[in-house]
Protein chains: 4
Amino acid sequence: MILILRPDQPASSTTLAEIEALVREHEGVEMRVHQFEGSRHHLTEVHLVGQTAAVPSDPFALLPGVLQVVRVTTRYRMIGRHASDRRPVGFHYNGVDFGLDHLHVLAGLCAVDTPEHVDRMFAACQESGLETSRMGAYKPRTSPYDFQGLGASCLPWVFESAGRHGVRVVAMEVTDARHVDEIRDALERTGNATGVMLQVGTRNAQNFELLKAVGQQREFPVLFKRGMGITLEESLNAAEYIASEGNPNIVFCLRGVKTHLGDPHRNLVDFAHVPVVLRQTRLPVCVDPSHSVGRGAVAPDGIPDIFHVTGQGIVAGATSVLVDFHPSPAKALCDGPQALLPEDLPRLVAYARTMRAAYEAAVESFQGEPAGL
Amino acid sequence: MILILRPDQPASSTTLAEIEALVREHEGVEMRVHQFEGSRHHLTEVHLVGQTAAVPSDPFALLPGVLQVVRVTTRYRMIGRHASDRRPVGFHYNGVDFGLDHLHVLAGLCAVDTPEHVDRMFAACQESGLETSRMGAYKPRTSPYDFQGLGASCLPWVFESAGRHGVRVVAMEVTDARHVDEIRDALERTGNATGVMLQVGTRNAQNFELLKAVGQQREFPVLFKRGMGITLEESLNAAEYIASEGNPNIVFCLRGVKTHLGDPHRNLVDFAHVPVVLRQTRLPVCVDPSHSVGRGAVAPDGIPDIFHVTGQGIVAGATSVLVDFHPSPAKALCDGPQALLPEDLPRLVAYARTMRAAYEAAVESFQGEPAGL
Amino acid sequence: MILILRPDQPASSTTLAEIEALVREHEGVEMRVHQFEGSRHHLTEVHLVGQTAAVPSDPFALLPGVLQVVRVTTRYRMIGRHASDRRPVGFHYNGVDFGLDHLHVLAGLCAVDTPEHVDRMFAACQESGLETSRMGAYKPRTSPYDFQGLGASCLPWVFESAGRHGVRVVAMEVTDARHVDEIRDALERTGNATGVMLQVGTRNAQNFELLKAVGQQREFPVLFKRGMGITLEESLNAAEYIASEGNPNIVFCLRGVKTHLGDPHRNLVDFAHVPVVLRQTRLPVCVDPSHSVGRGAVAPDGIPDIFHVTGQGIVAGATSVLVDFHPSPAKALCDGPQALLPEDLPRLVAYARTMRAAYEAAVESFQGEPAGL
Amino acid sequence: MILILRPDQPASSTTLAEIEALVREHEGVEMRVHQFEGSRHHLTEVHLVGQTAAVPSDPFALLPGVLQVVRVTTRYRMIGRHASDRRPVGFHYNGVDFGLDHLHVLAGLCAVDTPEHVDRMFAACQESGLETSRMGAYKPRTSPYDFQGLGASCLPWVFESAGRHGVRVVAMEVTDARHVDEIRDALERTGNATGVMLQVGTRNAQNFELLKAVGQQREFPVLFKRGMGITLEESLNAAEYIASEGNPNIVFCLRGVKTHLGDPHRNLVDFAHVPVVLRQTRLPVCVDPSHSVGRGAVAPDGIPDIFHVTGQGIVAGATSVLVDFHPSPAKALCDGPQALLPEDLPRLVAYARTMRAAYEAAVESFQGEPAGL
């Protein structure tokens, strides 16, 4: 059971005491207090855990400091969308709203290589009016003899360039807890105009120690990529690890899965799961067309497959798109073949907006009169 | 090498003789003549097979009766989209154009049960302005003890009702060559106002004897469903079986695949393959959201998943949608849980058109200036 | 409920009448009589179908002509191993015992090509003391342009050679009901010294019309190969189709499955399912190491992988092994790379016997004192 | 190119200088020196990396201190079995020989719970003459709300009990670098009679930071479990990470894979890969029947499936078997249903030896006269 307290309540310590008194009446039930910094409010949730099935909700709902009581019906206690759950989806970070009403394109380099390329990329973002990007400094690679990323050494000039071009959020993969510290240090030294969304990659989807590490800090939100070889349920449980440690600011990213079907793309695109994640959780959903599709090819209608699946994600409700770009794909140190050119970015943004408009029109037509399903 | 002759050429027998003379100069090369009845023209193709790599194309291209010479570069000789291939996609059947410019919704019953249900369904199609539907009379079922379909006995009243409601094409699965004869007989007896598109189901995707049987007739077009457990390439080879026997009027249907990922839907939706099929072949593409998604659930935005994946198929270029309906899903003898209600049909058609309009807008914006990929 | 009558009972018509009288007392229950020609006895089973849950078994068990009453607890009514089911596993055919006490190696050509190769192969079988072989005349191939087998034309000389070399059972794939007739005709014309086990291949595992066709005849037993892309349960249901039409003489063949794991072999070997099939059904189990492993490679211990997996099948309880051979693999028209040489056959037989002896020793050590599981 | 120096050579520094002089002649080539403590010798390998394709091997082979020159032909530089590679497989640790000539059963608790259960288990190992076991203290679990293991607190009494019962090697999963330190500390405090083989679990198969951590120490060997959702090649690359950091003492463990085939076992058993791993690498292979098969069932021959697949692993060349036991499976905190009882251990050991004897007999029959493959 989750008790959501009225925000910015002066009497919240009173409320906590009242709750505690009620909890004490029930054996085998414990309470845990979670504090969240929302975009406009300070929020407090009290989670009752243990044998809560027989605990009535009314006494809690009647307390003046309690805004809402949510009965937790699924295994995703923290990230789950529970029955009669009116809490909003998403979060604000560094001035950017990662809720359901804004579409973000996170365009950038899979692997940082030179300052010129990074600068060129952030400039392209700025020209297209984007405040979000992606940059890879720490690369987990299948073979120990492949390029492993530039690591901490590139962070200062990456962040400096991002700040200079008005990019407020850079998604960046981390593979070890110490990378979070390195990123924090580098951001502080560069004056912090830009921010970072920590990315947990598909190979670390069940690296529970890493999940706990990014969950135990609240400074940075987390872009969690589903495991390409595990079930959606296992991936959602992994996201729950992050939230259960205290960090609820998570974007759930679909990026294709590996199957036995000799896929003509790099992976089998799993963007039909967008509405499933939105139904089962309160996490905004990102799609990664680059890693799903891999090397780009163009359909006879003139539209590249990477665009087509981007559209598929957006008309299903995704609000973020993570895309690989490189000014010179042939020279890219990682995943070059799937990179778009910076000059393709305006067209991608326009295409994404066309699809978003279609999605919004469809949603509007479903308001008021629900489907007969 | 494929030589496409000028249509309706009075001198085509002269042309054939000229081609034959040229072919005789090359050892190990044979010619095969294929005649097609197009919507407006009678077309002839001459296929050169065998050791054609060293055969020059110019002498053939210079013959006055030859419209175009297509070098076959892939293994899909008949269905493949070859380099510099300007032949159109699709076909006409019983007054319906299955090309790339028209969107068709084939809405109907997975398994025919009662005349009332069939009539109710065709009436719903008519009310929504649809000329296409689906009806299952022969059902291949996993267990021998499951309902196996009403078979030939229901065909007369199914076709009579279709004709009465202006439904021109009914997609209908066949599992044996004799079913084609039964369908032909029933259509003839009911006066033939409606027509049938023979459906080859996913379990028969590599039943090569059945593929040959539906390929050796040209009366009915074929809706071929990809194998849910084989590769896309194997499925396209199976479609090639149909065409290589003489019937090029094929719609290729995506219907989801089985994976190891504990899919939250009935299958993993494979509609990202729409542009791949359109690129590799000249077959129009259908999507089957009902068998992909299975039991319907509604996303928090108010839109059912079955709709969402329909949209994903359409914005990627699919031009047919095969959907299960039933007036009383709880009483359906097969796949009831995934059926929509007839009263949902207008909304589905409206949704599909919204998505089609977005697709067309996107395609238009890509004309003229190709992507920098 | 299955009633097994006492074999060769003169009074069996009386028994049937008595059963019928008892059945009439229960609404919604029907009886079906199945006659089987066993190796030494004529057997009759009466199956009660419909709402049998409330039908008591005692009145039937007390009838003097009833040997045993088996309550059917699973969906595999005909092939299933039901609780307290004492019926034996397997069958006799043309003098060969396909029960659990005999190990058979079915060594032969994947695709028949020349009389010399066929003769050479049967001679190798004879030299190794084998009465069983395999020969492919009808080949279902992924592409319509691949070699499709010699078909009916090769049957006379194949069967003549088999008979001459004392091969009593040739496993032979069929892909259409008319192939069964062609085989029957050819056997009759060659005097019938050899026999055929009809093989249903993995691509036809859910071709229900073919399954019904081989089930509606009882002259030939059936070697059913599991579907490489469907579940074991779906494959067992397919075998049930054969039996439910009247033919219980089935060998269930494991042949590897396709996965997404980039298998270093042609397929992922599924021989851990041997004990599962033996537990859930009364079918003897065959393993096909050639199609599982594909192209042979030799382990550092000097033993080819094809042998190693053969051993894995045998120590788990398989009693048949289907292996591809070819006197000149480089010239084979189908699957040449996975073929062993005829001169490898004695070594394979010796290896198989070593593994069988280990299996029998292990089984013996488990008699008397069951495991504590 | 790998240069293996003569062991215990007094002049090895001379040899290194001679090699360095030769290397300097080739641009783009670097040398790396690896020192190994073998069971009887101190070994030195010099690896030449970079553009070595054009470097001739003869000048190095002629140096008096060089025993052998191995041309590296695969991507598995450290763990790979290269052409003409005569280096032995395996290693010694704490008095136990993990080479190809000894069969080890590592029987123990999936998750440590009470001192009594641990003691009971080690006593069972001792009674069966085993020097090896497994114990789980750190448990990576799919859900954050599942039992996560007792962690460092149980190590003292676990190691004390192991030492007391003569268990020399305990396989123990670690999920973070700090666990290695905790284990080292606990072993030192308990006097170190027992030793630990660090286990990397299937969920961490591509946790490259953890792989590097266990590779950067040489005190403990590593039992690496293949990823259940990645390819064998990716898993071998992961093992290469460990070796490339300096620790070559690795046992490669097969534990079943997840497929889409609705497996009747917990996973699809992948023990047909045993000879593949032995062919591609110089790593000894372990099989884990418990996690492959999951909940035990008994075949009609009286042998549990867990035993059957154990036999399948051994006859293919596996030399270690990792098996879950629990004195009271119903009370186990993790994976109880798949645990055998301690009283089953003698029977498992006897069964394993029967299978090992069959394997050795088969290998012997292949010596001298190689197969005609």
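The values are calculated or read from the model by the stated rules, or taken from the named source; none is laboratory data. Everything numeric here is computed off the predicted structure, so don't read it as measured data. As a convention, Cβ positions derive from the backbone with ideal geometry for all residues, glycine included, and neighbour counts pool all protein chains shown. Ligands, DNA and RNA are stripped out before the accessible areas are found, and what is left, the full protein with its side chains, is counted by its heavy atoms. Shrake-Rupley method; radii C 1.70, N 1.55, O 1.52, S 1.80 Å.
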For segment A:43-69, give me each residue that is free of Cβ contacts under 8 Å to residues at least 40 places away in the same chain and among the charged types (D, E, K, R).
A:ASP58
Taking C:PRO337 as meeting all but one of (1) touching a residue at least 60 places away in the same chain (Cβ under 8 Å); (2) surrounded by fewer than 19 Cβ atoms within 10 Å (Cβ to Cβ); (3) of a type outside the set (S, T, N, Q), write down the number of the exception.
(1)
Of the listed residues (A:ILE79, A:ILE19), the one being under 23 Å from the mean Cα position of the chain (by Cα), on the phi < 0 side of the Ramachandran plot and of a type in the set (A, V, I, L, M) is A:ILE79
Taking the criterion of being touching a Lys or Arg at 6+ places or on another chain (Cβ under 9 Å) and either more than 27 Å from C:VAL285 (Cβ to Cβ) or within 7 Å of another protein chain (Cβ to nearest Cβ) (or both), would at least one residue in segment D:307-316 satisfy it?
yes
Give the residue, chosen from B:ASP288, B:ASP270, that is within 8 Å of another protein chain (Cβ to nearest Cβ) and acidic (Asp, Glu).
B:ASP270
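I need the full set of residues from segment C:248-271 which are more than 25 Å from B:VAL257 (Cβ to Cβ) and either in contact with an Asp or Glu (Cβ under 7 Å, 6 or more places away or on another chain) or open to solvent by 10 Å² or more (accessible area, probe 1.4 Å) (or both), in order please. Walk me through how you get there before you give the answer.
Pass one, segment C:248-271, residues more than 25 Å from B:VAL257 (Cβ to Cβ): C:248-252, C:271.
C:PRO248, C:ASN249 - these are the residues of segment C:248-271 that are more than 25 Å from B:VAL257 (Cβ to Cβ) and either in contact with an Asp or Glu (Cβ under 7 Å, 6 or more places away or on another chain) or open to solvent by 10 Å² or more (accessible area, probe 1.4 Å) (or both).
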For segment A:186-218 the number of residues that are within 25 Å of D:ASP176 (Cα to Cα), in contact with a helix residue (DSSP H, G or I) (Cβ under 8 Å, 6 or more places away or on another chain), in a loop (DSSP other than H, G, I, E, B) and of a type in the set (S, T, N, Q) is 3
Filtering segment C:50-79 down to residues that are over 19 Å from C:THR281 (Cα atoms) and either of a type in the set (Lys, Arg) or within 14 Å of another protein chain (Cβ to nearest Cβ) (or both) yields C:GLY50, C:GLN51, C:THR52
For D:ARG255, indicate whether it is of a type in the set (Lys, Arg), over 24 Å from D:ALA123 (Cβ atoms), within 20 Å of the chain's Cα centre (by Cα) and modelled with pLDDT of 95 or more.
yes
Could you tell me whether any residue of segment A:38-54 is modelled with pLDDT under 85, surrounded by fewer than 19 Cβ atoms within 10 Å (Cβ to Cβ) and in contact with a Lys or Arg (Cβ under 7 Å, 6 or more places away or on another chain)?
yes
Quick one: is A:ALA83 surrounded by fewer than 18 Cβ atoms within 10 Å (Cβ to Cβ) and of a type in the set (A, V, I, L, M, F, W, C)?
yes
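So which residues in segment C:276-333 are part of a loop (DSSP other than H, G, I, E, B), open to solvent by less than 10 Å² (accessible area, probe 1.4 Å) and closer than 28 Å to C:LYS139 by Cα? If you could, list the steps in order and put the result at the bottom.
Filtering segment C:276-333 down to residues part of a loop (DSSP other than H, G, I, E, B) leaves C:282-284, C:288, C:294-297, C:299-303, C:316-319, C:326-328, C:332-333.
Next, only the ones that are open to solvent by less than 10 Å² (accessible area, probe 1.4 Å) stay: C:283-284, C:288, C:294, C:299, C:303, C:316-319, C:326.
Once the filter is applied, which keeps residues that are part of a loop (DSSP other than H, G, I, E, B), open to solvent by less than 10 Å² (accessible area, probe 1.4 Å) and closer than 28 Å to C:LYS139 by Cα, segment C:276-333 yields C:LEU283, C:PRO284, C:ASP288, C:GLY294, C:ALA318, C:THR319, C:HIS326.
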Using the structure shown, decide if A:LEU345 is surrounded by 24 or more Cβ atoms within 10 Å (Cβ to Cβ) and either more than 9 Å from chain B (Cβ to nearest Cβ) or assigned to a strand (DSSP E or B) (or both).
no
Take the residues of segment A:219-247 that are assigned to a loop (DSSP other than H, G, I, E, B) and modelled with pLDDT under 95: which is surrounded by the fewest Cβ atoms within 10 Å (Cβ to Cβ)?
A:GLY246
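I want to confirm something. Restricting to segment B:172-218 and keeping residues that are more than 11 Å from chain C (Cβ to nearest Cβ), without any contact (Cβ under 8 Å) to a residue 60 or more places away in the chain and among the basic types (Lys, Arg), which single residue is least open to solvent (accessible area, probe 1.4 Å)? Spell out how you get there, then give the answer.
Filtering segment B:172-218 down to residues more than 11 Å from chain C (Cβ to nearest Cβ) leaves B:172-173, B:180-200, B:214, B:216-218.
With the extra rule that they be without any contact (Cβ under 8 Å) to a residue 60 or more places away in the chain, the set shrinks to B:172-173, B:180-193, B:196, B:198, B:200, B:214, B:216-217.
Still in the running and among the basic types (Lys, Arg): B:184, B:189.
Details: B:ARG184: 56, B:ARG189: 174 Å².
Among residues in segment B:172-218 that are more than 11 Å from chain C (Cβ to nearest Cβ), without any contact (Cβ under 8 Å) to a residue 60 or more places away in the chain and among the basic types (Lys, Arg), the one least open to solvent (accessible area, probe 1.4 Å) is B:ARG184.
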If we keep only residues of segment A:91-149 that are hydrophobic (A, V, I, L, M, F, W, C) and in a loop (DSSP other than H, G, I, E, B), then the residue nearest to A:VAL169 (Cα to Cα) is A:LEU130
When you look at D:ALA330, is it more than 10 Å from chain C (Cβ to nearest Cβ), modelled with pLDDT under 95 and either closer than 24 Å to D:GLY90 by Cβ or out of contact with any Cys (no Cβ under 6 Å at 6 or more places or on another chain) (or both), yes or no?
yes
Scanning for something at negative phi and more than 14 Å from chain D (Cβ to nearest Cβ), does segment A:227-240 turn up at least one residue?
no
How many residues of segment D:359-373 are at pLDDT 95 or above, in contact with a Gly (Cβ under 8 Å, 6 or more places away or on another chain) and at the interface with another protein chain (Cβ under 7 Å from one of its Cβ atoms)? The answer is 2
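Among the candidates D:SER153, D:SER161, which residue alone is buried (at least 16 other Cβ atoms within 10 Å of the Cβ) and either more than 14 Å from every other protein chain (Cβ to nearest Cβ) or modelled with pLDDT under 95 (or both)?
Working: D:SER153 fails: buried (at least 16 other Cβ atoms within 10 Å of the Cβ).
Sole residue among the options that is buried (at least 16 other Cβ atoms within 10 Å of the Cβ) and either more than 14 Å from every other protein chain (Cβ to nearest Cβ) or modelled with pLDDT under 95 (or both): D:SER161.
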Just to verify a result, which residue in segment D:102-114, among those that are in contact (Cβ under 8 Å) with a residue 12 or more places away in the chain and out of contact with any strand residue (DSSP E or B) (no Cβ under 7 Å at 6 or more places or on another chain), is surrounded by the fewest Cβ atoms within 10 Å (Cβ to Cβ)?
D:HIS102
